[in-house]
Amino acid sequence: MCSPPSSLPTLPMHSVRSRPSLQRSSRAPLTLRPSRCHRRHRPRRQRCPTVAGWRGTRPCSSRAPRTRRTDRYPPLSSTMRGSSTPRVGVEMWTLLARTERRVNGGTSAVDLGLAIPAAASNPTPTRSGASLSPEETYRAHLSLCALQRTAKLQSVRFFGKILGTAADYYVAEARRAEPPEPPEASEPSATPAEEYGSGCNALSYFVTPELGGTWEELPSVTPEAIVAASRTRKFFTGSLDADVCCFPPFPGTERHYLRAQLARIAHGTTLCPSHKYALSPEGAVEPADPEAEGALPPPTSSQLCEPASWRHKNMGILAIGRCTNLPSPEEAEADAPPPQLEPEKPALLPIEASDWALVGPAALGGGAAVVWSRSLRWPGAIAVSEAKEGRYANLYLGYGHPVAAGPMSPSPPPPIEGDDPTAEPVEAEDMPLDDENAAVREAAEAALRAGAEE
């Protein structure tokens with residue numbers, strides 16, 4: 001038998017790790033034998049990639065058995081009974097996870113609201129900038145189903161994820177079958193808040209720091225909180241009871257600040273295809289009738305790459321912190337000029353090309369293609385639409401702040417209030433000497449009594 005020389009060539013790592021059966025094992029270390037001796041050990045040895053005329057061999061008894069990988073989750077559509085989500089390819093989890101559930105005798109929907117990232121080889125998630133792991137996606141779906149059952153919600157969808165310094169917020173957007181009880185009356189405000197079901201309080205929002213934990217509903221948003229949030233840039237901490245230390249002061253804790261930012265994100269980044277909805281005579285957003293007169297045809301995948309094929313689903317927020325202007329006072333003076341009101345921004349307005357970047361179409365197989373719309377004003381907000389079946393979804397994954405127009409500079413404090421130049425100076429009255437001496441004497445006697453007691 002030939003023995004190997006004293007200086008053996010180095011076996012490259014890629015040649016050893018190329019196959020699971022060639023990896024090093026503690027039971028049978030990898031040995032090198034000359035190539036002219038491999039015939040003798042062929043019944044009991046396995047040849048390795050040749051390196052400079054030498055072959056790495058391992059006893060066949062130490063070959064690692066091939067095991068099937070079980071650490072990957074199965075597709076969501078195959079694990080949920082009654083799911084209406086089709087499987088698009090082998091590596092794509094789902095485009096829209098939608099499961100029909102029975103709640104109080106009625107039908108409601110659990111919508112994940114996201115084009116789920118697939119395997120690492122799929123380039124579509126990379127283009128959109130959104131990423132959730134398969135495990136996180138699966139847990140989010142189960143958590144939303146549990147939330148709908150416990151809170152008796154009409155519909156709920158996965159809104160997104162707000163990143164924080166100590167913990168993150170998973171956000172669920174829901175619609176209740178019955179309006180909740182109004183909160184207790186607080187201090188009167190110059191700008192009253194909108195009622196539940198309209199404007200910025202059209203939907204309810206639930207947050208949780210961990211999927212599988214308890215969801216907590218955020219309070220209704222007020223115009224003062226929205227106006228103050230537009231002037232504040234502060235990272236979230238992950239604690240709803242944390243104080244928002246900033247100037248100008250914010251009226252509330254982090255739960256109110258988070259609710260105000262969610263209202264701004266929802267009314268600025270929620271998109272839908274142009275043919276999906278139409279405005280009713282009352283101004284409400286309703287599903288469009290494709291057979292109605294003047295109905296828009298469904299856009300193709302190439303047409304979805306144009307800004308004209310997308311619409312803002314919600315109304316825009318005005319400078320006063322509401323979606324609608326305040327009603328005119330009934331007891332207005334006849335000679336008083338009408339107040340200058342900001343024009344309202346109705347729903348289903350076309351998007352601006354400078355605020356959105358459209359990417360696509362990305363083929364998914366089976367004739368399906370997805371178009372991504374990424375917000376340039378709110379980093380982390382995306383909208384995705386699949387033209388073949390007319391489905392769409394919205395998602396936000398970010399820190400909850402828009403793009404700053406310039407460097408962050410805190411607001412200066414208000415100027416120091418000076419004296420009124422029109423007021424006449426008033427001389428303060430001096431205390432009589434006897435009263436001043438009496439006060440000093442009483443203070444000295446009190447100090448002596450305290451020392452004597454000690």
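Quick notes on this structure:
- Screening ALA174, ALA140 for residues that are open to solvent by less than 50 Å² (accessible area, probe 1.4 Å) and more than 26 Å from GLY321 (Cα to Cα) leaves exactly one candidate, ALA140.
- Pairs where the first residue, in the range 339-353, is within 16 Å of PRO327 (Cα to Cα) and the second is loosely packed, with under 13 Cβ neighbours inside 10 Å and among the hydrophobic types (A, V, I, L, M, F, W, C), C-beta under 6 Å, 6+ apart: GLU342/ALA319
- Test: residue in the range 210-223 that is surrounded by fewer than 15 Cβ atoms within 10 Å (Cβ to Cβ), within 30 Å of SER409 (Cβ to Cβ) and more than 18 Å from the chain's Cα centre (by Cα): no
- When we screen PRO350, PRO338, PRO297 for residues that are over 24 Å from ALA229 (Cβ atoms), modelled with pLDDT of 90 or more and loosely packed, with under 13 Cβ neighbours inside 10 Å, the only hit is PRO350.
- Note on the range 386-420: residues that are of a type in the set (D, E, K, R), under 30 Å from TRP310 (Cα atoms) and open to solvent by 50 Å² or more (accessible area, probe 1.4 Å) amount to 2.
- Selected residue (only one of GLU429, GLU417, GLU386 is touching a residue at least 12 places away in the same chain (Cβ under 8 Å) and either in contact with a Lys or Arg (Cβ under 9 Å, 6 or more places away or on another chain) or of a type in the set (Asp, Glu) (or both)): GLU386
- A count restricted to the range 234-251 and to residues that are open to solvent by 30 Å² or more (accessible area, probe 1.4 Å) and either of a type in the set (A, V, I, L, M, F, W, C) or under 22 Å from THR208 (Cα atoms) (or both) stands at 9.
- When ALA447, ALA423, ALA452 are screened for being hydrophobic (A, V, I, L, M, F, W, C) and open to solvent by 80 Å² or more (accessible area, probe 1.4 Å), only ALA452 passes.
Yes/no per residue for (1) at pLDDT below 95; (2) more than 26 Å from TYR138 (Cα to Cα):
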| site | (1), (2) |
| --- | --- |
| GLY213 | yes, no |
| GLU216 | no, no |
| ARG231 | yes, yes |
| ALA242 | no, yes |
| CYS245 | yes, yes |
| ARG255 | no, yes |
| ALA260 | no, yes |
| TYR277 | yes, yes |
| SER280 | yes, yes |
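- Lone unmet requirement of (1) in contact with a helix residue (DSSP H, G or I) (Cβ under 8 Å, 6 or more places away or on another chain); (2) within 20 Å of ALA263 (Cβ to Cβ) for LYS161: (1)
- Residue within the range 151-166 that is under 30 Å from SER328 (Cα atoms) and not in a strand (DSSP E or B) present: no
- For ILE226: the one exception among (1) touching a strand residue (DSSP E or B) at 6+ places or on another chain (Cβ under 9 Å); (2) surrounded by 20 or more Cβ atoms within 10 Å (Cβ to Cβ); (3) farther than 25 Å from GLU135 by Cα; (4) of a type in the set (A, V, I, L, M): (1)
The values are calculated or read from the model by the stated rules, or taken from the named source; none is laboratory data. Given the structure is predicted, the values throughout are model-derived calculations rather than measurements. Every residue, glycine among them, receives a Cβ derived from its backbone with ideal geometry; neighbour counts consider all protein chains shown. SASA here: full protein model, heavy atoms, side chains in, ligands and nucleic acids out. Shrake-Rupley method; radii C 1.70, N 1.55, O 1.52, S 1.80 Å.
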